[in-house]
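First the structure, in the form of structure tokens, and then the observations on it.
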Amino acid sequence: MFGFLKKRREMQAARTKIGVDLHRQIRDALNADDKGASQRLSSSFTVGYICTFVRYGFMSLGIDAESGVNAQVRHICDGVIPGRLYKIYSDQAAALELARKMKEQNKKILNTGLTPADVSKAFELGVQAGTYDAPLVSIQSMPPDNLRRYLLNETLRLQ
């Protein structure tokens, strides 16, 4: 029983650490450019980044959350921006799935100016950025910031 409680506390601490890093990045971007950052937050990049950052963030903290990563993503998103971030995440994940199923990968999607190929590329870029940032969760001297960089249209750190 004590092992279960210890594991639960470790999981909560990891969720908090990962959530704080996500919250800081989004808050800083919104403070710098509310309109631009808000628009860029609603992208498939965000799906790729958050999913990867959460999954590998847990791993970098020594916690196996692989089997329940979707529940962890939802819990963390609801802690970062209650009622909004997970909706953005799930809406963009659904849009990504639709874009991947479209036959015309280079034809622009109505009202977006993006092609399905663009949507997939943004997701993959988010995965790369999240993969780079996730190990930084456990390092205090160099906090993760690729999500903030993306939201502010700055150069990402991928290597």
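The values are calculated or read from the model by the stated rules, or taken from the named source; none is laboratory data. All values reported here derive from a predicted model rather than from experimental measurement. Neighbour counts are summed over all protein chains in view; Cβ atoms, including those assigned to glycine, are modelled from backbone coordinates with ideal geometry. Quick note on the areas: whole protein, heavy atoms, side chains included, nothing else; ligands and nucleic acids left out. Shrake-Rupley method; radii C 1.70, N 1.55, O 1.52, S 1.80 Å.
Looking at the chain, do any whole DSSP H helices span at least 15 angstrom along their long axis by alpha carbon and average -0.5 or above on Kyte-Doolittle, and which? Membrane-span-like by this criterion, though nothing is claimed about a membrane: 44-60, 69-80, 85-101, 116-133. Fully extending the segment from Val20 to Gln140 would add 42.0 nm, taking 0.36 nm per residue of separation and subtracting the current Cα-Cα distance. Placing pseudo-labels 7 Å out from each Cα toward the beta carbon at Ser38 and Leu5 gives an inter-label distance of 4.5 nm. Spin-label pair Lys101-Val69: with each label point 7 Å from Cα along the Cα-Cβ axis, the two points sit 2.2 nm from one another. Using only side-chain charges placed at the Cβ, +1 for Lys and Arg and -1 for Asp and Glu, the dipole size of the range 10-55 relative to its Cα centre rounds to 80 debye. Scattering from the C-alpha atoms of the chain alone, worked out with Debye: what is log10 I(q)/I(0) at q = 0.19 1/Å? Debye intensities relative to I(0), on a log10 scale: -1.18.
Could you calculate the FRET efficiency of Thr155 with Ala13 from 1/(1 + (r/R0)^6), where r is the beta carbon distance between them and R0 is 41 Å, rounded to 0.05? Computed FRET efficiency for Thr155 and Ala13 comes out at 0.80. Each 10 Å bin from 0 upward holds the following percent of the Cα-Cα pairs of the range 95-147: 24, 35, 22, 16, 3. Taking the 1.4 Å solvent-accessible surface of the chain as the whole, the part contributed by carbon and sulfur is 54%.
With no solvent and one equal point scatterer per Cα, compute the Debye intensity ratio I(q)/I(0) for the range 117-159 at 0.16, 0.32 Å⁻¹ and report its log10, rounded to two decimals. Log10 I(q)/I(0), no solvent term: -0.41, -1.16. Accessible surface for the range 1-151, divided over its residues, is 56 Å² per residue with a 1.4 Å probe.
Computed packing ranks the peptides 149-156, 5-12 as 149-156, 5-12, most packed first, by mean other Cβ atoms within 10 Å.
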